[in-house]
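Structure first, commentary second.
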Amino acid sequence: MADASEIHSLSAGAPLTNEQLLASYAVADRSVPWLRANFVSSIDGAATHEGVSGGLGTDSDGRVFGLLRRLADVIVVGAGTVRQEGYRNLALDEESAGWRTSQGLAAQPPFAIVTASLRLEPGDLGSYATRPLVVTTESAPAESRKRIEEVADVIVAGDAAVDTVEMKHLLAERGLVQQHSEGGPTLFATMIAQGIVDELCLTVSPRLEGGSARRIVDAADATPQNMSLAHALSAPDGTLLLRYLRAAR
């Protein structure tokens, strides 16, 4: 019986090792600011099952999800997703931390939580494996900012709404160049509209969801951006693991 987390190229062959997968997702020049987004979707385009994206995940998706975190200098996520998906104490495992230090990276990548309103609980932020970052706006409530600054580093990017172009620049200035975004759909829509998405890693889960679940992008207006397929991998259960890069302009 095949391992449920087994992953192959579409041309088959032997299952890919973690090192081969890491090499296939690695960015050639780690010194160049790079924003990678990672999502899972059902065949019919649903981004959630019973309200959470984790409900669509498969073993192979979880495996790649963990490997992508290994490669990141920082993990970027919207505050709504933190609340909805239950982000808490998200330390990488010992194997992943060891791999990172062997590559000259910090053992644990920090989380950068994006929120214009600063509607976060300081107690929740204190449970992360390393001190988190909070990306917010000039107009965020001063009292909330003061409370958050006790447990996190606050980055101001934008006036009334978060400017993700400025966010990407400010994170890179801190040495957090390889940026791995895990959603949600509203933040991803802003990133697309503001032109900062360099890569999308999309898992297509082998199921039909139906209903009225959200897509991986939640926006009123279309902001098209051409992408090119870098690779397509598959798992025995029918999961597809797709990597798209920004198309040459």
**Request:** For region 83-159, count the residues as N, evaluate 2.2 N^0.38 Å, and divide the Cα radius of gyration by that value, please.
**Result:** 1.22
**Request:** Under 1.5 on a/c is rounded, so check that first for the chain, then, if it is not, pick prolate when a/b is larger than b/c and oblate when it is not; a ≥ b ≥ c are the square roots of the alpha carbon gyration tensor eigenvalues.
**Result:** prolate
**Complete:** Taking every DSSP bridge whose two residues both lie in the chain, the antiparallel percent to the nearest 5 is 40 percent
**Complete:** Stretched fully, the stretch from Ala247 through Glu143 gains (0.36 nm per residue minus C-alpha distance, one decimal, in nm) 33.1 nm
**Choice from Gly66, Gly195, Gly211 with maximal GNM fluctuation in the chain (Cα, 10 Å cutoff)** = Gly211
**Request:** Could you please report the charge total around Ser234, scoring K, R as +1 and D, E as -1 over all other residues with beta-carbon less than 14 angstrom from its beta-carbon?
**Result:** -3
**Message:** Once you keep just the Cα pairs under 8 angstrom separated by 6 or more residues, what percentage relative contact order results for region 9-107?
**Reply:** 21 percent
**Request:** Compute the Kirkwood hydrodynamic radius of region 1-98, taking the inverse of the mean of 1/r over all pairs of distinct Cα atoms, and give it in Å to one decimal.
**Result:** 15.5 Å
**Fill in**
The alpha-carbon pair-distance distribution computed for region 110-249, with 10 angstrom bins and whole-percent values, is 10, 33, 33, 19, 4, 0
**Complete:** With a Förster distance of 30 angstrom and the Cβ-Cβ distance between Asp221 and Gln20, calculated FRET efficiency to the nearest 0.05 equals 0.15
**Complete:** Per the charge dipole of the chain (beta-carbon charges, Lys/Arg positive, Asp/Glu negative, Cα centre), the residue among Ala248, Met167, Ala28 reaching farthest to the positive end is Ala248
**Fill in**
When the chain is treated as a Gaussian network with springs between alpha carbons less than 10 Å apart, the largest mean-square fluctuation among Thr17, Thr203, Thr164 is found at Thr17
**Message:** If DNA, RNA and ligands are ignored and the probe is 1.4 Å, what is the ranking of Phe111, Phe65 by accessible area, most exposed first?
**Reply:** Phe65, Phe111
**Asked** What figure in square angstrom, to the nearest 10, would you give for the accessible area of Ser24 with a 1.4 Å probe?
**Response** 40 Å²
**Message:** Using a probe radius of 1.4 Å on heavy atoms only, what accessible surface per residue do you get for the chain? Whole Å² is fine.
**Reply:** 47 Å²
**Whole-percent carbon and sulfur share, accessible surface of the chain, 1.4 Å** = 52 percent
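The values are calculated or read from the model by the stated rules, or taken from the named source; none is laboratory data. Bear in mind that the values here come from a model prediction, so they are computed numbers and not experimental data. A quick note on method: Cβ atoms are made from the backbone with ideal geometry, for glycine too, and the neighbour counts reach across all protein chains shown. These accessible areas exclude ligands, DNA and RNA; they are computed on the full protein's heavy atoms, side chains included. Shrake-Rupley method; radii C 1.70, N 1.55, O 1.52, S 1.80 Å.
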